[in-house]
There are 2 protein chains.
Amino acid sequence: MEKTVSEAIAYRRSTRVYTDEPIDSNKVKQCLVNASLAPTSSNLQLWEFYHITSKAVLDKIAIACFDQSAAKTAKQLVVVVTRKDLWRKRANANIEFLNKVYDKPDLSERDLKRKKMATNYYKKLIPTIYLDFLGILGYIKFLVFQIVGLFKPIYRQTRLSDMRIVAHKSAGLAAQNFMTSMAAVGYDTCPMEGSDTLRVKQILDLPRGAEINMIISCGIRDDKGIYGPRFRIPFDEVYFEV
Amino acid sequence: MEKTVSEAIAYRRSTRVYTDEPIDSNKVKQCLVNASLAPTSSNLQLWEFYHITSKAVLDKIAIACFDQSAAKTAKQLVVVVTRKDLWRKRANANIEFLNKVYDKPDLSERDLKRKKMATNYYKKLIPTIYLDFLGILGYIKFLVFQIVGLFKPIYRQTRLSDMRIVAHKSAGLAAQNFMTSMAAVGYDTCPMEGSDTLRVKQILDLPRGAEINMIISCGIRDDKGIYGPRFRIPFDEVYFEV
């Protein structure tokens, strides 16, 4: 029986030691389908999910995670990867989908307008923002946008570092869907950012444009794998009603 | 009755037009408590949540969101903010918590070791990674770490842009907890990155070190507020079992 959202969120704890109990790859895969249903910047889905079940690869990645027990004792791993280099391919996939959705003989005026707006978004606006050349074009755009921004509201995230942030942020949304879904079926996880990302990329044979978002270890929690009670900053220090 | 995780994830759609029906601020706030239970890099919780319920401020932020209908018709807004500038304060809060947890007369050897390791983590490792000066120190560390990394696995995310990514990624985890929790109680959301982040910071009077992660509009979906069927890249193009 799957947990409710609040139950799953309360249940999830970063798990640093797993028991020897195996977990079902298909259930983990289903949780990754849930991951892929997260919202994503401009629906570009600049993400990939590497589901590691091979013992040999698990061992290699554990070393790249500095042999921390969360990785070493994991039964499976999921490596969430950003692919900002795929922006044009993904934009084209969105355009193709729009062509299919609106492929009807008698489009209403509203539909015609919506199709045009959405298609322009992917054909013109996305390249304006994403097109870059060694980080230089992004900086030029950034400066121009700052000046225009003196006179009217404008989008400002055009530098290479901003593009990286956009991709990692969306991948984070997917990662959280994954971890909540795992908790809902009684599986445990630990998101790890402490890894040698260059070595992980080599192990998975990822291209230059790919970046490691996080590595999520998976298994069943051992009691000693939860390090003490949960600590959160008092809520009134992070929450402000305006 | 709250939805299960899979139900909530299936229900959530980015909602671009909301009905006039009001939503309950307290329920939204409770969903933000769930947001704050997301995992976060080194448990530093470099995030803040601005819950906008005042009509005057809603109107101002809608303009900074280029008057898009997802913002204009929203009943409330949540601005997720990153505060990487608070890393030292948050590290100290973790140290204080550790002191409280381990404040017992008869600590076992395992507890003593764990306390020492965790305290060292926040007192030594976190400053090594987070301490920066105008982005220069971060770059120097980055280069040194690349050289050390030739010989052994090492952490490589030390540049200013990497620090920004870490904070935005964790804030993304919290944002997704929030949106899933909203869906679970039948409330709708739309995460917006298209905004003039500088103007939003001015409206909320945020300090220089704060960054806008995303603005999430909230309300009840209008049928015409869901723009067509959901589009996802075929799963076998983003999922790889290794």
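Do the conditions hold for B:Cys218, that is, is it within 18 Å of A:Ser41 (Cβ to Cβ) and in contact with a strand residue (DSSP E or B) (Cβ under 9 Å, 6 or more places away or on another chain)? No, not satisfied. If only residues of segment A:1-46 that are within 10 Å of another protein chain (Cβ to nearest Cβ), outside any helix (DSSP H, G or I) and polar (S, T, N, Q) are counted, the one that is farthest from the chain's Cα centre (by Cα) is A:Thr4.
Return yes or no: is B:Lys115 in contact with a Leu (Cβ under 8 Å, 6 or more places away or on another chain) and free of Cβ contacts under 8 Å to residues at least 24 places away in the same chain?
Answer is yes for this residue.
Quick check on segment B:76-85. Is at least one of its residues in contact with a strand residue (DSSP E or B) (Cβ under 9 Å, 6 or more places away or on another chain) and assigned to a helix (DSSP H, G or I)? Scanning segment B:76-85 turns up at least one residue that is in contact with a strand residue (DSSP E or B) (Cβ under 9 Å, 6 or more places away or on another chain) and assigned to a helix (DSSP H, G or I). The C-beta contact set for segment B:176-189 (first residue within 16 Å of B:Met214 (Cβ to Cβ), second residue in a loop (DSSP other than H, G, I, E, B) and among the hydroxyl-bearing types (Ser, Thr, Tyr), distance under 8 angstrom, 6+ apart or interchain) comprises B:Asp188/B:Thr15; B:Thr189/B:Thr15. Name the single residue that is surrounded by the most Cβ atoms within 10 Å (Cβ to Cβ) among those in segment A:89-103 being under 18 Å from the mean Cα position of the chain (by Cα) and not hydrophobic (A, V, I, L, M, F, W, C). It comes out as A:Arg90. Of all residues in segment A:198-241, those that are free of Cβ contacts under 8 Å to residues at least 60 places away in the same chain and over 30 Å from B:Leu204 (Cα atoms) total 7.
Listed by position, the strands (runs of 3 or more DSSP E) contained in segment A:144-242 that have at least 2 residues being facing another protein chain (nearest Cβ under 7 Å) and over 17 Å from the mean Cα position of the chain (by Cα) are A:239-241.
Only one of the numbered conditions (1) basic (Lys, Arg); (2) modelled with pLDDT of 95 or more; (3) touching a Phe, Trp or Tyr at 6+ places or on another chain (Cβ under 7 Å) is violated by B:Arg156, and that is (2).
Residues in segment B:76-112 that are touching a residue at least 60 places away in the same chain (Cβ under 8 Å) and of a type in the set (D, E, K, R): B:Arg83, B:Lys84, B:Asp85. If you go through segment A:169-196 and keep only what is β-branched (Val, Ile, Thr) and surrounded by 20 or more Cβ atoms within 10 Å (Cβ to Cβ), you end up with A:Thr180, A:Thr189.
Taken together, B:Lys84, B:Lys75 contain a single residue that is more than 10 Å from chain A (Cβ to nearest Cβ) and at pLDDT below 95, which is B:Lys84. Selection of first residues in segment B:39-55 that are without any contact (Cβ under 8 Å) to a residue 12 or more places away in the chain and of second residues that are not hydrophobic (A, V, I, L, M, F, W, C), restricted to Cβ pairs under 9 Å at least 6 apart or on distinct chains, gives the following pairs, ordered by first then second residue: B:Ser54/A:Glu241.
The values are calculated or read from the model by the stated rules, or taken from the named source; none is laboratory data. For clarity, every value in this text was computed on a predicted model and none was experimentally measured. Neighbour counts are summed over all protein chains in view; Cβ atoms, including those assigned to glycine, are modelled from backbone coordinates with ideal geometry.
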